[in-house]
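Taken together, the values in this text are just the output of simple stated rules run on the coordinates, not laboratory data. A quick note: this is a predicted structure, and the numbers were derived from the prediction, not measured. So basically every Cβ, Gly included, is an ideal-geometry build from the backbone, and we count neighbours across all protein chains shown.
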Amino acid sequence: MSKSAKGIIAIIIILLVICILVYPALSDEVSDNEGSKEYEVTFINGNAEYFRINIDPAHPTIGNNMPSAPSSENGMIFVGWNTKTDGSGNNVTSDTQINKDITVFAVWTIEEENDRTGFTSTSSQSYKIDDKTVEIVLGDLYPIPKVEEVTVIVYDPETGKQCRGSLGGSEYTLSFDNVRVSFQDTDNDGLMDSNEKLTFEADNGLTAGIWNIELDYENYKNGNNQFHFHIFENGEESYPENVRVNFLDVGQADSALIFTSDNKTILIDAGVPLNKKTEYAPKLIEQLKNYHVEKIDAMILTHPDYDHIAGAEAVLDEYDVLSVYMCKKTAKSATYTNLLSAIDQEGCEKHIGDFSAGDYLNLSTTENFRVLSVDSKTKNDANSASIVIRMSCESHSFLFTGDAPDNVEMEMLQSYSDELDTDILKVGHHGSKSSSSSDFLQAVTPSISVISCGKDNSYGHPHEEALERLNTYSEEVVRIDISGAYSYTSSGKIID
């Protein structure tokens with residue numbers, strides 16, 4: 001055999017050895033590299049990413065990396081995670097083996113009423129003034145779970161005070177200022193059941209007005225039940241509903257005049273345009289006279305900005321004002337300082353920051369006035385301090401938002417999402433783009449949105465972005481700079 005042939009054979013043998021000994025090692029190295037690639041699992045809830053994890057192929061199940069279930073909201077129950085948005089794909093659980101990057105979606109279903117373990121609901125009932133006892137069946141609206149304890153919150157229409165206490169265990173009676181609340185455990189099981197009752201009684205009869213009762217069931221999400229019952233004046237069984245709300249024309253400012261069914265007169269804001277007090281304060285008074293105002297039972301100044309308070313001193317000079325409500329937020333302006341002096345000189349009942357979000361203001365025995373926001377905790381500016389009030393009648397509701405911006409709207413969505421639905425909305429901050437967010441308007445669903453702003457104002461109010469959102473979610477948008485003063489009655493009648 002020639003030397004060249006021997007050389008070729010030697011090379012072939014060497015190559016074979018390399019293939020036998022080295023290639024498996026290379027193959028193992030490639031396999032290890034591929035095995036080290038992690039797979040990504042993305043969890044989507046609604047339209048937003050909820051969670052994301054990486055899975056090691058050596059341990060291909062999700063296991064303890066599975067995210068907690070999203071919180072149930074608005075009567076929806078979380079079913080699970082699925083590879084398709086409608087739940088028609090493969091279910092994904094902690095035991096699912098992952099061998100590629102995937103996206104999974106939260107699947108929800110509507111909660112059946114008879115499966116509820118917590119709820120928010122409202123009941124309205126009417127009682128005569130000479131009734132000394134009112135009974136509320138715990139399960140009037142929805143069956144409640146058997147619970148050991150319930151927190152009772154009573155808003156007394158006479159004092160305007162909030163009284164709170166717990167019933168359960170061996171404590172079956174609460175005594176507040178002028179009313180007793182008791183629970184009778186009819187089946188003697190130590191639990192509060194749907195068919196059992198709370199009794200409200202007062203020796204001299206319950207005070208005339210709207211009694212607002214809230215029952216909170218501990219350890220149950222949204223375990224809250226609201227009851228409203230009405231005690232009428234002079235033993236009447238009902239009253240003629242006759243509410244009128246007048247959005248005044250005060251230029252680039254805010255003022256709304258309310259006449260309630262029990263003949264109370266309430267003014268929300270008394271603003272005039274910046275540096276135009278001399279011109280517009282007389283116009284404000286003239287409009288009040290045109291509406292035949294004789295006195296002001298309550299003046300609510302939502303926050304201390306000039307365009308919400310600068311006409312208030314003129315109102316105090318012209319009328320007897322029985323009470324004033326203001327937020328805690330102050331201002332260093334002479335307008336604000338002079339207003340405080342005028343309030344003290346008037347000698348009216350003064351409420352400055354002595355109420356909170358969730359409180360009912362004792363303004364009327366026929367209509368409900370509930371504070372949904374005041375002195376926001378998220379921001380310290382004057383607009384965020386705005387008093388936001390929802391007035392509810394038997395047939396209609398009105399929401400007055402001051403200059404509340406979108407951060408306050410978000411707070412209200414989180415705390416009062418079930419109470420925001422309103423017929424007439426006084427648009428926040430004159431139609432600024434920083435208010436009237438889509439989420440907020442979607443919850444309010446106003447039939448009519450009223451924007452108080454001045455013609456050709458220097459702020460550009462209402463902003464186009466806000467107008468677009470308002471037109472999307474409102475049946476009608478009214479602009480005071482175009483229509484002038486605008487009035488609406490609870491019967492649905494619009495007055496030019």
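A few remarks follow.
- Taking θ as phi - 60° and the Karplus parameters 6.51, -1.76 and 1.60, the scalar couplings of region 413-423 work out to 4, 6, 9, 9, 4, 7, 10, 7, 3, 9, 6 Hz in sequence order, x denoting glycine and proline.
- Relative to the compact-globule estimate of 2.2 N^0.38 Å, the Cα radius of gyration of region 227-291 comes out at 1.50.
- A full extension of the chain between Glu349 and Thr278 corresponds to an added length of 22.8 nm, given 0.36 nm per residue minus the alpha carbon distance.
- Approximate spin-label separation Tyr291-Thr83, in nm, with each point projected 7 Å along Cα-to-Cβ: 6.3
- Kirkwood Rh and Cα Rg combined as Rg/Rh, region 345-496: 0.96
- Shape call, region 244-495: gyration tensor on alpha carbons, a/c limit 1.5: rounded
- Computed lengthening from Lys377 to Leu322, 0.36 nm per intervening residue step minus Cα-Cα distance: 16.9 nm
- Placed amide H near Gln184: partners under 5 Å, 5+ positions off or other chain: Lys197
- Cα gyration tensor shape of region 416-464, rounded if a/c is under 1.5, else prolate or oblate by comparing a/b with b/c: prolate
- The calculated pair-distance distribution of region 444-485 uses every alpha carbon pair, bins of 10 angstrom beginning at 0, and gives 30, 56, 14 percent.
- Using the average count of surrounding beta-carbon atoms within 10 Å as a protection proxy, the listed peptides 424-437, 264-277 rank, highest first, as 424-437, 264-277.
- Checking the Cα-Cα distances for Lys264/Lys377; Lys264/Lys426; Lys264/Lys350; Lys264/Lys433; Lys161/Lys328 against a 24 Å cut-off, the pairs over it are Lys264/Lys377; Lys264/Lys433.
- HN-Hα J in Hz across region 287-303 - Karplus 6.51, -1.76, 1.60, θ = phi - 60°, x for Gly and Pro: 5, 4, 5, 5, 8, 6, 5, 9, 7, 10, 6, 8, 10, 10, 9, 5, 6
- Put simply, the amide H of His303, placed in the peptide plane, has neighbours under 5 Å in Ile387, leaving out anything fewer than 5 places away on its chain.
- You can think of it this way: the chain between Thr199 and Tyr239 has 11.9 nm of extra reach, that is 0.36 nm per residue less the Cα-Cα gap.
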